[in-house]
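Please read the structure below before turning to the comments.
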Amino acid sequence: KQLHEVSFDLHEELAAELGLKGYRKLPTLSVSGGRRSKTVEAAVAAGKAPEWLDGEVAKASVMDTDTAQTNPLELTTALMDKAVERGATVVKGKVEGVRQHGDTVSAVVVDG
């Protein structure tokens, strides 16, 4: 599998494991603005384009039916909470640098 496919699968697993309510699978729609075309009107009328597709839309088509979306705040908060559960410490502040030993980061310098 390619990296984006592995990432897609991992996000779905994480959503289930973390109980994310904002994760959902949905198709991705490509929309181009401009003078509304008869093609768009016909697609909406035939149920091949969503009804909410209104206004100045010249072109619309489904790019991919196998995509998903999540709420970034919900995801990052859940990841942070799980990390804290497992012993991590959250430090709020301004990152000023990193400490390294060779090619390995050993610490993050926060607010001095």
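Within the full protein context, the accessible area of residue 12 is estimated at about 70 Å² for a probe radius of 1.4 Å.
Calculate what fraction, in whole %, of the accessible area of the chain sits on carbon and sulfur atoms when a 1.4 Å probe is rolled over the protein chains. It would help to have the intermediate numbers written out before the result.
Values: 4730 of 8850 Å².
Exposed carbon and sulfur together represent 53 percent of the surface.
Remark: accessible surface ordering of 73, 10 (largest first) is 73, 10, probe radius 1.4 Å.
Extension gain for the segment residue 37 to residue 68, taken as residue separation times 0.36 nm less the Cα-Cα distance, is 8.4 nm to one decimal. Normalised by 2.2 N^0.38 Å, where N is the number of residues, the alpha-carbon radius of gyration of segment 17-107 equals 1.81.
Restricting segment 1-57 to chymotrypsin sites (Phe, Trp or Tyr not before Pro) that sit in a DSSP loop and have at most 16 other Cβ atoms within 10 Å of their own Cβ leaves 52. For residue 61, the solvent-accessible surface with a 1.4 Å probe is about 50 Å², rounded to the nearest 10. Accessible surface area normalised per residue over the chain is 79 Å², counting heavy atoms of protein chains with a 1.4 Å rolling probe. With contributions of -39500 (n - 2.57) from each DSSP H run of at least four residues, the per-residue ellipticity at 222 nm computed over the chain stands at -10500 deg cm²/dmol.
Against the longest alpha carbon principal axis of the chain, how many degrees, from 0 to 90 and to the nearest 10, is the axis of helix 72-85 turned? The angle comes out at about 30 degrees.
The values are calculated or read from the model by the stated rules, or taken from the named source; none is laboratory data. Since this is a predicted model, take the numbers as computed values, not measurements. Note that we place each Cβ from the backbone using ideal geometry, even for glycine, and neighbour counts take in every protein chain shown. Remember, those area values only see protein heavy atoms, side chains included, never the ligands or the DNA or RNA. Shrake-Rupley method; radii C 1.70, N 1.55, O 1.52, S 1.80 Å.
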